[in-house]
Amino acid sequence: MKSAGTLPEEPEMTETQSVGKALTADPLRGSADKESARGSEGRTLNVFSHGMLVLWAVMVVMPLLWAVMTSFKDDKAIFTSPWSLPTSLSFDNWSRAWSQAHMSEYFFNTLLVVGGSLFGTMLLGSMVAYVLARFDFPGNRFFYFLFIGGMSFPIILALVPLFYVMSNTGLLNTRHGLILAYIAYSLPFTTFFLTSFFRSLPTSVAEAALIDGASHTRTFFQVMLPMAKPGLISVGIFNFLGQWNQYMLPTVLNTDPDQRVLTQGLVELAASQGYKGDWSGLFAGLVMAMLPVLAAYIIFQRQVVAGLTAGALK
């Protein structure tokens, strides 16, 4: 029996209750523990993401470096020590591929075709995208989704009818015919990409130009087109890559040996290795075809990233 002056004993607290009481009594300690846990998770995720990036970079860069390194070796060194550095730089491989393998002619034809098709694709694609993005008219959404549908249409299904159309119109085995085919091939993606980009641009600048008396044509070329420069560079790089590496269209529509492009020339050079065994010349030609693409992306890499993120940032 307890006396009247004796205080009742407090019940014993469990471990969970004691921790909760400690956190309640010291909120700064609880927040510090949470921040420490988040920081540990962030460091783990950062190490993992950087490790994956390094692995991906090695997987991409190593084949390129190996191809460049092999292009300076002779055929014997390629087979006896394929992973070693070349003992001496053999530039004869490059000169032989450039002259004897006719890589100079293929390079010139590719520059003409890709240059003309890239200019036509960017000009027509930007004009169509601007109209679809800035003007409301009956059928606007229909034409927009028509271009999107063109992106999903496999080009292989159009090769046979395209061959007969080009043959009947006299465009088969011609550079301008191949340029038109490249433009038609690249126009859906260009229109889709630039339509979204033009929609993200402010309309107040175009309205101010129209109020000052500028026509729609002048507003487009002198006001809106310079503002869309990041998007134009981004889609231009993608079109350049696709048209430079295009093989299916020139194989079907460009059978004249004098009009062949680089991809056709590389395939012909690779097929001839079964008879001549000029592997060093083949790797030199491969690096020749690869250098313009790498140079274009290295020069414009910042503009490509800016163009891809501009719509999201706005």
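For (1) of a type outside the set (Phe, Trp, Tyr); (2) over 20 Å from GLY120 (Cα atoms), each residue gets a yes or a no:
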site	(1), (2)
GLN222	yes, no
PRO230	yes, no
ASN245	yes, no
VAL252	yes, yes
LEU269	yes, yes
ASP278	yes, yes
PHE283	no, yes
* To do: Take TYR164 and decide whether it is surrounded by 13 or more Cβ atoms within 10 Å (Cβ to Cβ), out of contact with any strand residue (DSSP E or B) (no Cβ under 7 Å at 6 or more places or on another chain) and not aliphatic (A, V, I, L, M).
  => no
* Considering only residues of segment 198-224 that are hydroxyl-bearing (Ser, Thr, Tyr) and in a helix (DSSP H, G or I), which is most open to solvent (accessible area, probe 1.4 Å)? -> THR217
* Six or more apart or on different chains, Cβ under 6 Å: which pairs go from a residue in segment 117-131 that's open to solvent by less than 10 Å² (accessible area, probe 1.4 Å) to one that's hydroxyl-bearing (Ser, Thr, Tyr)? Could you list them? => SER117/TYR182; THR121/SER186; THR121/THR190; GLY125/THR190; GLY125/THR191; ALA129/THR191; ALA129/THR195
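Quick check: is even one residue across segment 136-153 touching a Gly at 6+ places or on another chain (Cβ under 6 Å) and either modelled with pLDDT of 90 or more or of a type in the set (S, T, N, Q) (or both)?
Let us first name the residues in segment 136-153 that are touching a Gly at 6+ places or on another chain (Cβ under 6 Å), namely none.
The answer is no, given that none of the residues of segment 136-153 is touching a Gly at 6+ places or on another chain (Cβ under 6 Å) and either modelled with pLDDT of 90 or more or of a type in the set (S, T, N, Q) (or both).
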* Structure fact -> Apart from one, (1) more than 18 Å from PHE108 (Cβ to Cβ); (2) over 26 Å from the mean Cα position of the chain (by Cα) all hold for MET224; the odd one out is (2)
* To do: Answer with yes or no whether SER71 is open to solvent by less than 100 Å² (accessible area, probe 1.4 Å), modelled with pLDDT of 85 or more, touching a helix residue (DSSP H, G or I) at 6+ places or on another chain (Cβ under 6 Å) and not basic (Lys, Arg).
  => yes
* Asked: Can you name every residue in segment 132-161 that is small (Gly, Ala, Ser) and open to solvent by 50 Å² or more (accessible area, probe 1.4 Å)?
  -> SER152
* To do: Return yes when THR195 is over 30 Å from TYR106 (Cβ atoms) and in contact (Cβ under 8 Å) with a residue 40 or more places away in the chain and no when it is not.
  => yes
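Could you identify the single residue in ILE156, ILE183 that is of a type in the set (A, V, I, L, M, F, W, C) and modelled with pLDDT of 90 or more?
Result: ILE183 is the single residue among ILE156, ILE183 that is of a type in the set (A, V, I, L, M, F, W, C) and modelled with pLDDT of 90 or more.
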* Is it true that ALA289 is crowded, with 18+ Cβ neighbours inside 10 Å, closer than 18 Å to VAL68 by Cα and not acidic (Asp, Glu)? -> yes
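The values are calculated or read from the model by the stated rules, or taken from the named source; none is laboratory data. Fair warning: this is a prediction, and the values are worked out from it, not measured in the lab. Ideal geometry is used to build each Cβ from the backbone, glycine not excepted, and the neighbour counts take in all protein chains shown. Note: areas computed on protein heavy atoms with side chains; ligands, DNA, RNA excluded. Shrake-Rupley method; radii C 1.70, N 1.55, O 1.52, S 1.80 Å.
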